[in-house]
1. Among the residues of the range 28-53 satisfying the criterion of being of a type in the set (V, I, T) and over 24 Å from the mean Cα position of the chain (by Cα), which is surrounded by the most Cβ atoms within 10 Å (Cβ to Cβ)?
2. What helices (runs of 4 or more DSSP H), lying completely within the chain, carry at least 1 residues that are at pLDDT 80 or above?
Amino acid sequence: MKITEKDLTRQDEDIAPQEFSEEEARDYRFGNLPEVVGLVFTVFVIWLTFAFTG
């Protein structure tokens, strides 16, 4: 599936309910993993900052 400029600029209000549900199902494939990885990475960077700068 190729993403077009129109797809990138569409708002949730512009999407039909069924299409919105399909999009949500695709987005849920990774669950909360991106948020957890981002949080762990952020904590790691903060730890590095304090570990090497004192």
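1. First, the residues of the range 28-53 that are of a type in the set (V, I, T): 36-37, 40, 42-43, 45-46, 49, 53.
Subsequent filtering for residues that are over 24 Å from the mean Cα position of the chain (by Cα) retains 49, 53.
Numbers: T49: 9, T53: 6.
Looking at the filtered set, the residue picked out is T49.
2. Numbers: elements: 5-9, 17-27, 33-53.
The qualifying helices (runs of 4 or more DSSP H) are 17-27, 33-53.
The values are calculated or read from the model by the stated rules, or taken from the named source; none is laboratory data. Since the model is a prediction, treat every value here as computed from it, not as a measurement. FYI the Cβ positions are ideal-geometry reconstructions off the backbone, even for glycines, and counts take in every protein chain you see.
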